[in-house]
Amino acid sequence: MPVIDPFPYVFLITAVSLEAIFLSIFVLISQSRQTKLDDVREEVILQFELRTQEQNEKMLEMLEKLSHKSGIKSVKKDLKLSSLKKHKSAREMTKEIEAEIEA
């Protein structure tokens, strides 16, 4: 009976090594795709949160103007409102972080 692959099993070892190489390539490609999808998803979430923050800031301004026109004086003394107005907007903070990353 002829032996196809004698004892050191060179052919079998080569086949298994090639299979491992191809499987690792496929795994790396799928991880790369998943990373790109995650990056896009994070960017969409960030943009949504920035727009929500801008809308909240605009509503706060409008509410403050309405309360001043109505003559409500408790708004002027509200410490939380004044601290919210002092904070930077989300867009400004994002620009600062991007500038720091680039530097």
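Just so it is clear, none of the values below were taken in a lab; they were calculated from the coordinates. Predicted model, so just to flag it, every value in this text is computed and none were measured. Ideal geometry is used to build each Cβ from the backbone, glycine not excepted, and the neighbour counts take in all protein chains shown.
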Using θ = phi - 60° and the Karplus curve 6.51 cos²θ - 1.76 cosθ + 1.60, what whole-Hz ³J(HN,Hα) does each residue of the stretch 90-95 get, with Gly and Pro shown as x?
5, 5, 4, 5, 5, 4
Can you give me the distance in nm between label points at Ala103 and Ser89, each placed 7 Å from the Cα along the Cα-to-Cβ direction?
2.2
Mind giving me the nanometre distance, one decimal, between the label points for Asp78 and Lys65, set 7 Å out from Cα along Cα→Cβ?
1.6
Once the other residues with Cβ under 15 Å from the Cβ of Phe26 are scored (Lys, Arg +1; Asp, Glu -1), what is the net sum?
0
The chain: spread of alpha-carbon positions along the three principal axes, whole Å, largest first, is 105, 29, 18
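Could you sort out which of Lys58/Lys95; Lys65/Lys88; Lys36/Lys86; Lys36/Lys80 sit more than 31 Å apart by Cα distance in this structure?
Lys36/Lys86; Lys36/Lys80
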Additional length obtainable on full extension of the chain from Phe22 to Asp38, 0.36 nm per residue less Cα span:
3.3 nm
